[in-house]
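As structure tokens, the structure follows; a few thoughts come after it.
The values are calculated or read from the model by the stated rules, or taken from the named source; none is laboratory data. All values derive from a computational prediction rather than experimental measurement. Counting neighbours? That spans all protein chains shown, and the Cβs are built from the backbone with ideal geometry, glycine included.
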Amino acid sequence: MTMSIVALAAVAVLRRVLPDGSVAADTQELVPFEDGVRLELGRERIRAVNAKRLDIVPEFAHARKGESGYWFSPYGFYGEYDRDEGRFFAGSERMSMPMFGWSTPRVACLAVVGSLKYYVRETVLVEKGEYTVAATLEEELCRRPYEDLVIDYHLRPAGTSYADLAKIYRKRQLDRGVVRPFRERFAESKVLEKAIMAPEVRIRQAWKPVPSPVPHQSPESEPEVRAAVTFDRVKDIVRELKRQGVGDAELCLVGTTRWHRACSAQDSRTVSPLSSTTRTARSNARVRRSGRKTGGLSAQGDGHDGTCQTAEISVSYKERIV
């Protein structure tokens, strides 16, 4: 890392939105470390601000419309500097990992949130073609933070790809022992090894029109569902997989109900106990029973779901489902 990048990264602006709607700002010195700079903000200082929202903007987190570069969030959102006005806010469902990044013609950066990591969000704001990328605290966490805030800004030369920035986070997690390669975990879990080594077969059984003609749906107004692949047809596909020598496969059955399904086609003699939700277990049990008539095919539940999407369109949303 060059000295020019370190000098560029000396200060962050703390932009506070107060309860009355007014905006104030002050600065916080950033502390250099081996490949970047660190923000350390004590919880007492955050509490003393008494803000409704706190945006933390390093001096190097600015860009102008038309400049080369990008910004991204860990949920898969990516943008370039091509707007005059707008705001992107990564809510809790979009911050699947405590990191985000950007690149400008001057510097590239990966921001890794080390504490308060479940509550810091990314905000990309553009006003009159001027972009800022901020780490944001809102509401309760501005008034009563439970710990100090630490953010590491890993700096790289301009033009660094977002894939190379992501490798910084991967290395950081591996070095800390937070994540471990599958090849190490396989020795502890044969079920995990089987799940990973089985190729996925995604079968889209049913769907509604996209884009939806009814944005706010109720049971009375929701569009008709197009049913394209029946469960009998799914059984035919599984039989064909078995006939062609596919011993292990993950079947992702899309559009079956509100919940997705994931199963493994394998020999019934090696099937593990069903341990997923009651509804999934019942579905898998039916497939397992049918396996006795289809050459020993069976199913192992390993379910996942579309809870967020379901909650967003459901008029009967209940907190217990998430």
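Just a few scattered comments:
- One residue from Thr230, Thr278, Thr256 being out of contact with any His (no Cβ under 8 Å at 6 or more places or on another chain) and either under 19 Å from Leu192 (Cβ atoms) or at pLDDT below 50 (or both): Thr278
- In summary, Tyr169 fulfils each of the numbered conditions (1) under 20 Å from Gly36 (Cβ atoms); (2) hydroxyl-bearing (Ser, Thr, Tyr); (3) outside the structural domain of Gly42 (by TED's automatic domain parsing) with the single exception of condition (3).
- Neighbours by Cβ (under 9 Å, 6+ apart or cross-chain): first from segment 173-191, assigned by TED's automatic domain parsing to the domain that holds Glu250 and in contact (Cβ under 8 Å) with a residue 12 or more places away in the chain; second hydroxyl-bearing (Ser, Thr, Tyr) and not in a helix (DSSP H, G or I): Val191/Ser272
- For segment 62-80, the condition of being assigned by TED's automatic domain parsing to the domain that holds Ala108, in contact with a Cys (Cβ under 8 Å, 6 or more places away or on another chain), under 14 Å from Val112 (Cα atoms) and not in a helix (DSSP H, G or I) holds for none of the residues.
- Considered as a group, the residues in segment 138-151 that are within 21 Å of Ala10 (Cα to Cα) and crowded, with 20+ Cβ neighbours inside 10 Å include one that is modelled with the lowest pLDDT, and that residue is Leu149.
- Residue check, Val133 part of a strand (DSSP E or B), β-branched (Val, Ile, Thr), surrounded by 20 or more Cβ atoms within 10 Å (Cβ to Cβ) and touching a Leu at 6+ places or on another chain (Cβ under 9 Å): yes
- Those residues of segment 80-122 which are under 16 Å from Asp55 (Cβ atoms), aromatic (Phe, Trp, Tyr) and surrounded by 15 or more Cβ atoms within 10 Å (Cβ to Cβ), in sequence order: Phe88, Phe100, Trp102, Tyr119
- Residues being surrounded by 17 or more Cβ atoms within 10 Å (Cβ to Cβ) and either out of contact with any Leu (no Cβ under 6 Å at 6 or more places or on another chain) or part of a loop (DSSP other than H, G, I, E, B) (or both) - total across segment 163-173: 2
- Of all residues assigned to segment 87-99, at least one qualifies as being closer than 23 Å to Phe33 by Cα and out of contact with any Lys or Arg (no Cβ under 8 Å at 6 or more places or on another chain).
- Hits in segment 15-35 (condition: outside any loop (DSSP other than H, G, I, E, B) and not β-branched (Val, Ile, Thr)): Arg15, Arg16, Ala24, Ala25, Asp26, Gln28, Glu29, Pro32, Phe33
- Gly36 modelled with pLDDT of 90 or more, surrounded by 14 or more Cβ atoms within 10 Å (Cβ to Cβ) and more than 20 Å from Asp152 (Cβ to Cβ): no
- Test: Ile56 is buried (at least 20 other Cβ atoms within 10 Å of the Cβ), among the β-branched types (Val, Ile, Thr), under 17 Å from Cys109 (Cα atoms) and in contact (Cβ under 8 Å) with a residue 60 or more places away in the chain: yes
- Exclusive hit being under 21 Å from Asp152 (Cα atoms), hydrophobic (A, V, I, L, M, F, W, C), in contact with a Pro (Cβ under 9 Å, 6 or more places away or on another chain) and in contact (Cβ under 8 Å) with a residue 12 or more places away in the chain, set Ala61, Ala51, Ala111: Ala111
- Restricting segment 36-48 to residues that are in contact (Cβ under 8 Å) with a residue 24 or more places away in the chain, outside any loop (DSSP other than H, G, I, E, B) and not hydrophobic (A, V, I, L, M, F, W, C), the residue that is farthest from Asp148 (Cα to Cα) is Gly36.
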